[in-house]
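Enquirer: To start, I am sharing the structure in question, which I have written as structure tokens.
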Amino acid sequence: MNDGLNIECKTLFSLFRNNIGGGDMKGWKNVNSQSGAALMLVLFVILFLSIISAVLLASTTYSLKSNEKNKKIQDDFYTAEGAVDLVLEEMNSYIGKTVPVELRDKQGNVITDKKGKPIIVMVTQTGPYFYLKDKSPLTVKKSIGDKPPITITINKTVINSDKFLASITANGSNVSRNIELEAEKGNPNFDGGTGTLNKPVYYQGSLNYNGSSQHDEINIRENSERMSNQTFNTILNNIGYPVTYNNSWVIYNSYRFTPGIHNPIQITYSGNGDRMVIPKDATVFAQSVNISGSGKTKVTIQIDGILVVESFNMSGNSTVVINGALIVTNQFSKSGGGNDDSVIINSGIIANHISTNGKNNFSGAAKGIDCSLLGLTGDICNRTDNGTSNPENNLWESSMKVIDYETLRQ
């Protein structure tokens, strides 16, 4: 029985081998070979995808870091650039010293007063040239928004007596911004205006002069002129008079007017060293001006533009400097008893009525009022100042020109 079973088993095994393995086990080898190749392919694909993923991840991470770094550099650049712009703006708007200068005509000749003395005017040194002259070299810090302060270094090199070469460097944490520029003093501009009213004092109604000639250096009695009613009214119309006054605006303390038109109802100064300045590009209308000094404490009013007032009263230890125009529609009254109370008339006064009493001190260049300031033309104006008219206004307005700039990464 065992022999029969063995024969049957051998027969089945022989049939299985012949049908599946070709009779020599090659079928088994083929199956194993195909399975290995598939496994290798799967492993290669997995490895390839892993490499690609790693590369993409690294690239993304690098891009994020690079973008963050570039943003910091860009922010630092704009911060440094903004800090430099602040310095440039500061240089352009710089107001330096006020110094005495001899007034000259357009040919460069010194202009003298009626006594033959050189006319001295006070000129303010403004702009980049004088900023560099007075301040550099220096180091400053500028803040832009909530960013940390930027350190600015300013150096200069002298090119000649009228020009500087300047280097402005802003050092941030990532970048350094540098600008080079030339700052020039500028040449005096003596082109002149449209002429002048050539007397220091004009009146339309009356001139009651009771001042001491001992203190009247410009001799008002001899250097005044009666103005016609037509010319007087033409001047008032040209400058926009009459006006409506601001009843709430009464000035008691030191004050500097901004450019434009102003209409306070009253200006009152008494002692305390007060000082009022009307710049050349301002016109002030007031109902009354009352100034008086106190002991050794001076009160000063400087009129570089135009002051139009109905009633002007001045006494005591006080000083009025007129470089533009003082126009009094009714009464100009000046009284005093010493050498310190003075009216310095570099241009001129126009008033309906003028009254002086006491040892009044009148001095100044007495060159007359610029007709362009009053809107006058034609035969009313005369040329008595060798072709100049307020030339000191443009003497020293210095300028600058950027010649190079660069930005470096730290």
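The values are calculated or read from the model by the stated rules, or taken from the named source; none is laboratory data. Note that the structure is a prediction, hence the values are computed from the model and not measured. FYI the Cβ positions are ideal-geometry reconstructions off the backbone, even for glycines, and counts take in every protein chain you see. When the accessible area is computed, the model is the full protein with side chains, heavy atoms only, and any ligands, DNA or RNA have been set aside. Shrake-Rupley method; radii C 1.70, N 1.55, O 1.52, S 1.80 Å.
Enquirer: Here is a list: 328, 299, 309. Which entry is within 25 Å of residue 237 (Cβ to Cβ), hydrophobic (A, V, I, L, M, F, W, C), without any contact (Cβ under 8 Å) to a residue 60 or more places away in the chain and in contact with an Asp or Glu (Cβ under 8 Å, 6 or more places away or on another chain)?
Expert: Exactly one of 328, 299, 309 is within 25 Å of residue 237 (Cβ to Cβ), hydrophobic (A, V, I, L, M, F, W, C), without any contact (Cβ under 8 Å) to a residue 60 or more places away in the chain and in contact with an Asp or Glu (Cβ under 8 Å, 6 or more places away or on another chain), namely 328.
Enquirer: Also, I was wondering about something else. Search the range 336-351 for residues that are closer than 16 Å to residue 306 by Cα and among the hydroxyl-bearing types (Ser, Thr, Tyr) and pair each with any residue that is part of a strand (DSSP E or B) and modelled with pLDDT of 70 or more when their beta-carbon atoms are under 9 Å apart and the residues are at least 6 apart or on different chains.
Expert: 347/196; 347/197; 347/303; 347/322; 347/325; 347/326; 347/369; 347/370
Enquirer: Something else: Could you grab me the full set of residues in the range 292-329 that are in a strand (DSSP E or B), modelled with pLDDT under 90 and either more than 22 Å from residue 199 (Cβ to Cβ) or in contact with a Pro (Cβ under 7 Å, 6 or more places away or on another chain) (or both)?
Expert: 292, 294, 297, 299, 300, 315, 318
Enquirer: Please specify each residue of the range 220-241 satisfying the condition of being touching a residue at least 12 places away in the same chain (Cβ under 8 Å) and open to solvent by 30 Å² or more (accessible area, probe 1.4 Å).
Expert: 221, 225, 226, 228, 229, 234, 238, 240, 241
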